[in-house]
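Q: Mind looking over this structure? Questions follow.
The values are calculated or read from the model by the stated rules, or taken from the named source; none is laboratory data. This is a predicted model, so every value here is computed, not measured. All Cβ positions, glycine included, derive from the backbone under ideal geometry; neighbour counts span all protein chains shown. Side chains included, ligands, DNA and RNA excluded: accessible areas come from the protein's heavy atoms. Shrake-Rupley method; radii C 1.70, N 1.55, O 1.52, S 1.80 Å.
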Amino acid sequence: MKESDTVNEDAEYDVIIAGASVSGCAAAMLLARQGARVALVERRTDMAAYKVLCTHYLQPCAVPVLEELGLTGELEKAGAVRTGPRWYTRWGWTEARPGPGARPLPYAYNIRRSTLDPLLRARAAATPGVDLLLGHTVAGLISEGGRTAGVRVGTAVGERTLRARLVVGADGKDSTVAALSALPVRRHGNARFIYLAHFRNLPLKDAMTYAWYLEPDQVFAMPSDDDVTVVVLLLGKEKLAAFREDLEGSFMAYARSLPGLEDIDGAERITKVTGTVNYPLHTRRPTAAGLALIGDAALTTDPLWGVGCGFALQSAQWLAHAVGPVAPRPAAVDRALGDYRRRHRRGLRGHHFMSVDYARGRRFNVFERLMFCAAVHDPHIARHLHLFASRLIGPAKLMSPAPMLRAVLAVLRHRHRSRQAAAATPPSGLAWSGSER
C-alpha cells in the first residue's frame with residue numbers, strides 16, 4: 001500500500017477506482033495483474049471498514065471470479081461456508097441435489113462482510129501496481145476533450161488531483177462518481193423493508209442456506225464464518241408500522257413462526273436488529289467516455305435475491321477483461337468500454353428485470369408457481385431452478401420449452417397421484433370393520 005507524502009501533488013494512473021469494497025478491490029487486482037497502474041480511492045480511513053446491510057452471500061456465479069483472483073483458499077481459511085439453497089414454499093421444502101453419477105452442483109459462499117471486506121482490501125493493497133488511498137473522498141471529475149480524465153479528491157489535509165485514462169465508480173448504490181457523471185438512471189420502487197440480525201449457535205441442519213418464500217414476504221438464514229448465521233427478513237411495507245412498535249420482539253416472533261426456525265430463542269443473538277425501510281432499485285448506463293460503473297453503482301437490485309456481491313464481482317471481472325489489455329491507450333479504452341457495456345447488459349438485464357417486477361411486493365405469478373411446485377416433485381426441475389438462482393443461467397434458459405414442459409408434466413403427475421391417494425382413503429369418520437356390520 002502506498003500513500004502520497006505530498007497531498008497537493010498531481011498523480012498519473014492508468015485507472016482510478018473510487019470505492020475499495022467488493023467490486024473495487026476485485027477490479028483493482030485484476031487490472032493491476034494486466035499491467036495497469038491503479039489508484040484505489042476509499043473515503044473511509046479504516047482498513048477494517050465493511051458494509052453492514054448485506055446478505056453476506058456470494059452466489060455461485062461469483063466463484064469463477066474468486067478463483068481467478070486466487071481467493072477461494074483464503075476465504076475458506078477465514079471461515080467462509082460452502083453452501084447451497086434449501087427453499088420453503090407453500091408446496092413444501094426443496095433442495096437441489098446432483099443426479100446419479102453427476103458432478104456436485106455449483107456452490108455459493110457465505111461469509112460476513114466484516115471478514116470479507118478487510119480481506120479483499122488487504123489483498124488489493126498488496127497487489128503490485130495498486131495504490132490504496134484511504135481517507136480520499138471524490139469531490140469532482142476532471143473532464144478533458146469530452147471524456148473523463150481524472151478526479152479531484154479531498155483528504156484530511158487538503159485536496160489533490162488524480163489523472164487517469166479511466167475512472168471507475170465502484171462506490172455503491174449512492175455512487176458519487178455516478179452522480180457527478182450525470183449518467184442516465186432508471187429508478188424502481190421496492191415494496192419491502194429489510195431487517196437482519198446475527199446469531200451464534202442457531203440450530204439449523206447442516207450448512208445449507210435456508211430461504212422461506214412466503215409470498216410476498218421473504219426470509220433467509222445464512223450460516224457463515226465463526227459459526228454465525230445471518231437471519232434476514234424482507235417483509236411487505238404494510239407490516240412496517242406494527243413491526244416497528246417493538247422491533248426486536250417483532251423480529252424474533254416472525255422468525256420463530258417459520259418451519260425450521262422455531263428454536264431461534266435458543267441461539268445467541270450477537271448483534272442488534274438493523275435494516276432499512278426503503279431500498280429502491282436502479283439501473284444506470286454503466287459507461288461514458290473515460291468512465292465506467294461497476295457493482296451497485298451500475299445496478300442496484302433487490303437484496304431479496306442475494307445477488308449484490310455476485311454481480312459486483314462479475315462486473316469487475318467483465319470490466320477488467322475488456323479494458324485491461326488496452327488500459328494505457330485512451331482511445332482503445334473507450335472502445336473496450338463498449339464491449340463492457342454490452343457484456344453487462346447481456347449478463348444482468350434479464351435478472352434485474354425479473355427482480356424489479358417481484359420488488360412490487362406481489363405473490364408468485366403463474367410461471368413461478370409452476371416452477372416452485374414442480375421443483376418439490378422433480379429433482380431435474382430443482383436442479384434447473386438452482387442454476388437460475390445461482391445466476392449461472394438467465395431467464396431465457398430458465399423458461400425454455402424443455403424445462404417448462406417437464407415442469408408441467410411433473411405437476412400433472414403429482415396431482416394425479418394425489419387424486420388417486422385421496423380416492424383410496426376412506427372419508428374420516430366413515431370407516432367400519434366387519435364386526436360392526
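Q: Could you tell me which numbered condition His344 fails, if it satisfies all but one of (1) open to solvent by less than 40 Å² (accessible area, probe 1.4 Å); (2) in contact with a Gly (Cβ under 8 Å, 6 or more places away or on another chain); (3) in a helix (DSSP H, G or I)?
A: Exception for His344: condition (2).
Q: Which count do you get for residues in segment 159-187 that are buried (at least 18 other Cβ atoms within 10 Å of the Cβ) and in a helix (DSSP H, G or I)?
A: Adding up the residues that qualify gives 5.
Q: With the requirement that a residue be modelled with pLDDT of 95 or more, within 30 Å of Ile393 (Cβ to Cβ) and among the polar types (S, T, N, Q), what does segment 29-58 give you?
A: Gln34 - this is the single residue of segment 29-58 that is modelled with pLDDT of 95 or more, within 30 Å of Ile393 (Cβ to Cβ) and among the polar types (S, T, N, Q).
Q: Have a look at Ser435, Ser428, Ser418 and point out the one that is modelled with pLDDT under 95, part of a loop (DSSP other than H, G, I, E, B) and over 25 Å from the mean Cα position of the chain (by Cα).
A: The match here is Ser428.
Q: Can we say Ala26 is part of a loop (DSSP other than H, G, I, E, B), modelled with pLDDT of 95 or more, under 28 Å from Asp226 (Cβ atoms) and not aromatic (Phe, Trp, Tyr)?
A: No; evaluated as a whole, the condition is false for this residue.
Q: Filter segment 270-315 down to residues that are in a strand (DSSP E or B) and surrounded by fewer than 23 Cβ atoms within 10 Å (Cβ to Cβ), then give me how many there are.
A: Residues in segment 270-315 being in a strand (DSSP E or B) and surrounded by fewer than 23 Cβ atoms within 10 Å (Cβ to Cβ): 8 in total.
Q: Which of the residues that make up segment 218-234 are acidic (Asp, Glu) and either assigned to a strand (DSSP E or B) or open to solvent by less than 10 Å² (accessible area, probe 1.4 Å) (or both)?
A: Asp225
Q: Across segment 180-189, what is the total count of residues that are closer than 13 Å to Ala298 by Cβ and among the small types (Gly, Ala, Ser)?
A: 1
Q: Pull up segment 354-390, narrow it to residues that are part of a loop (DSSP other than H, G, I, E, B) and open to solvent by less than 30 Å² (accessible area, probe 1.4 Å), then point me to the one that is nearest to Arg413 (Cα to Cα).
A: Step by step, filter segment 354-390, then rank; the result is Asp378.
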